[in-house]
Structure formats: structure tokens, C-alpha cells
Amino acid sequence: MLTCDACGRTAESGQRCDDCGEPLWFDTDPDGVAWPDRDGVWAFGDLLPVEPPPGGLAAAAGATPLVRASGLDAGGARVHVKIEGTNPTGSFKDRGSAVGVAAAVADGEGGATFAGDGAPDAVGTVSHGNMAVSMAAHGASTDLECVVLVPADISAARLRRIAAYDPRIVRVDGDYGRLYYDALDLGPESGIEFVNSDSPLRVAGQKTTVLEVLRAFATGEAGGGVGGGERGTTEAAPDVPDAVVMPISSGGHASAAWKAVREATAAGLVDDPPRLYFVQAAACAPVAAAFERGDDAVTRLEGEEVGETVAYSIANPDPPSGTRALAAARATDGAALAVDDDAIHAARRDLVAAGIRVEPASATPLAGLRRLRERGAVDAGEHVVLVATGVGYGGTDGGDGRSGSLDVETVPRSGLAAALGLGDAGE
């Protein structure tokens, strides 16, 4: 069963509420759930909507390190880093892709269908970065066709990295931000199960990031250290971290973090849940701006409101789960905030110096924590988890030596439906 947290509507399938337009998520009953004896996406199977597939890359998703990085302590706060770059394709996106592909496999075998009527012929996503690579890899590992919709101006390096897994890539010329909604409309009709940034399946998989964090603290495993500080010393962590700080783009991972906290609390596994802080790049920060204004909803940024940033992978001017992220920050006494590129560069240098390689977007939590300490929102001595969402392969070659022009179809947005085997779609 799917539910809309904003208005309470329930649904059997779909991705967004037919009444209010907000995203749906799976209504999971955590009653009687206990902490598993291991990490990994499927260790939390009692809180997931599907069973793991019999084979493929999905089994390797999750179980990423949580390290105590004393060399990164910000003004007395105790810093822990959740290193999501050790996932199979280098980012947290593998968690959601694993569950999305597992659902498609189950649909094909006669299991429950979540995207619409009938089993999907393919999986798909709208992305030109980590999510595209992740879905293509997970689809390839289970012999599922994968369709990736990318902007027409995608860089050659990014295109090669996605193409390495041989998905069907469609470059779309037009308003790329609207492709998310096009996919919602066209997916069920075209037989493609689109597992986009905040789809219920992706959120279900990605909540395991924070479930692993909470489990590590609850079971006393949140102690191993890297990155300087006093050598040869150990420090006991509390049963629950005081705060979790993570980047935000679409709001899907933020929603997943909130879902994890809520389920763990409802199960009686957590008494005093952590505050959730979501960090954006100042050049494109619609969620942070809405939070500062006290708004209940996020407003899309237009034109000159959107600037250039080194953290381009989280520069989303119209986050589809931005409003739910606002609710998550406020419900947990957290916040949404923005940091500039100078702060991101400095944080990234310090993370690398501590032995943790990250892409610029993954440095925003450390930059954000430093700003929170300056504001007095985080106290000295508090234990704070920074979620480093990706390792940062975005500017590298695809890995198979291909270069130059790739044979990729390009269509106008108005012709996307026809390209997917349907009738024309209007602008």
C-alpha cells in the first residue's frame, strides 16, 4: 500500500498523489521489527516492499562504512562519516536502484506491480549522473533493458560513463526539468518502470542509508576512526546520533532519511531521533530558501535565480520532494541550509586529507556542519553523521575506452512519447 504523507490518501500504484500532487511512499508496518545483525539493503527486508532478486548487483548494495573522523571535528562536534561511495557504482543511488530493479523482476515473475497495470518491459530513469549509471548497471546485471533519459547537452564524459552499461539512452531536447513528470505519465503506458529520484521504490531502498546509521549507533558499532585526531584512543558513541547532515537535490534521499527515522521510532528502536539537516549549494538552493522564508512549500527557481556551482549534481531548481524535505527538517528540529562554493571546496579538501574521496556535492554536509556550528545549532560534544553520498567519478571516462561520438538518439521533448513507442506528447 502506498500513502501520501501530505494528505493521507492511499493508492495501490503510482508515484504521486492524485489529490494533492505530493510524492507517495510505501506504508510500512514496523511493529515488531528488530535491528538486524548485519548491514546492507536487504538486511532490512522487513521494512522493504519487495524481496531481493535471485541474482545481480542488487545483493551488493549498502553495507557502507560509518567511520569516526576525528580529524574533521568541527568546533568540538564529534564527526562520523557514512561513506556511500563504496556502493557498487560509487553512490547511494545503488540502494534505490536495487529495490527498483528487484520490483521490476518481481513484476515480470507475476509479483506485485507498483508502477501500473502489467509487468514492465524495462526499467528506466531520468538522470545524467549517478542515478543513470546506477540504474543502467543494475538493469544490466539482471538482463533487464534500461532506458535513460538525458538532456541533449550532456557532456561526453557523462554520456560515456552511462553508455558503459549499454542502456538505451535517449537525449531529449527541451525543458529537462519536465522530463520527471513526462516519465510519470509515459512509464506505465510504455511498459517502462521509471525509478526516478523520489519514486516510492527508490525512497524505500534509500532509507536504508539512515537505518544503517541508526543500527550502528544502537549496537555500539559506530566507533571505528579515520582521519587524524588522537591516535590509539577509542571513544564510546551514544545510542543515537544527535544529528544527520546530508546533501539535498530532488529531496528523495531526504525523504528516505525521514522515513527511516520515523520507522525506527515507531518500532521502538529509537527513543530520541536525530535532527535532520539538508544542505544545498548556494547557487541553487530552493529548499534552503523556502526554509529560511518559513514557507510550507518549495518554489521552483527560474532563469537568473539559478547560478553555476561546483556541486552541479545537486543543483536542482525544482526538487519534486522539496516540500516533503521541508517537513522532514522541521519535524526533526533540523534545518535546510545553503553553503557557497568556497566552503564546499574547503570541505572537500579536508575530507580528502582525511582519506575520504568525495565528489563536491558530498562535501556539502561538512561545509554545512561548520555553518551550523557557527550558528550555534549544533553544540560541542554532539555526535553528527555526515552522509558522503558519492565518490565522484562524474568527470571520468566510461571505463571501456570509448571516446568521441556515441550513437545516441536525440529527440525533441514533444517527440519523446513517439520515441518510446507511444503517441505524441505535447510541450
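The values are calculated or read from the model by the stated rules, or taken from the named source; none is laboratory data. What you see is a predicted model; the values in this text were computed from it and never measured. Cβ: placed from backbone, ideal geometry, glycine included. Neighbour counts: every protein chain shown.
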Condition check for D333: in a loop (DSSP other than H, G, I, E, B) and surrounded by fewer than 23 Cβ atoms within 10 Å (Cβ to Cβ): yes
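Could you go through the range 348-361 and let me know if any residue there is in contact with a Phe, Trp or Tyr (Cβ under 9 Å, 6 or more places away or on another chain) and of a type in the set (A, V, I, L, M). If you could, list the steps in order and put the result at the bottom.
In the first step, residues of the range 348-361 are kept if they are in contact with a Phe, Trp or Tyr (Cβ under 9 Å, 6 or more places away or on another chain); the result is 359-361.
Narrowing the set further to residues that are of a type in the set (A, V, I, L, M) leaves 361.
Yes, some residue in the range 348-361 is in contact with a Phe, Trp or Tyr (Cβ under 9 Å, 6 or more places away or on another chain) and of a type in the set (A, V, I, L, M).
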Checked the range 34-46 for anything crowded, with 19+ Cβ neighbours inside 10 Å, on the phi < 0 side of the Ramachandran plot and assigned to a loop (DSSP other than H, G, I, E, B); matches are D39
Residue check for T389: buried (at least 22 other Cβ atoms within 10 Å of the Cβ) and on the phi < 0 side of the Ramachandran plot: yes
List the helices (runs of 4 or more DSSP H) that sit entirely inside the range 135-217 and contain at least 2 residues that are within 21 Å of A388 (Cβ to Cβ) and more than 18 Å from the chain's Cα centre (by Cα). 156-163
Taking P49 as meeting all but one of (1) assigned to a loop (DSSP other than H, G, I, E, B); (2) in contact with an Asp or Glu (Cβ under 6 Å, 6 or more places away or on another chain), write down the number of the exception. (2)
Does the range 71-88 contain any residue that is of a type in the set (S, T, Y), at pLDDT 95 or above and assigned to a helix (DSSP H, G or I)? yes
So which residues in the range 89-140 are at pLDDT 95 or above and acidic (D, E)? D94
So A283 clears everything in (1) in contact with a strand residue (DSSP E or B) (Cβ under 9 Å, 6 or more places away or on another chain); (2) part of a loop (DSSP other than H, G, I, E, B); (3) closer than 27 Å to D29 by Cβ except one condition, right? Which one? (3)
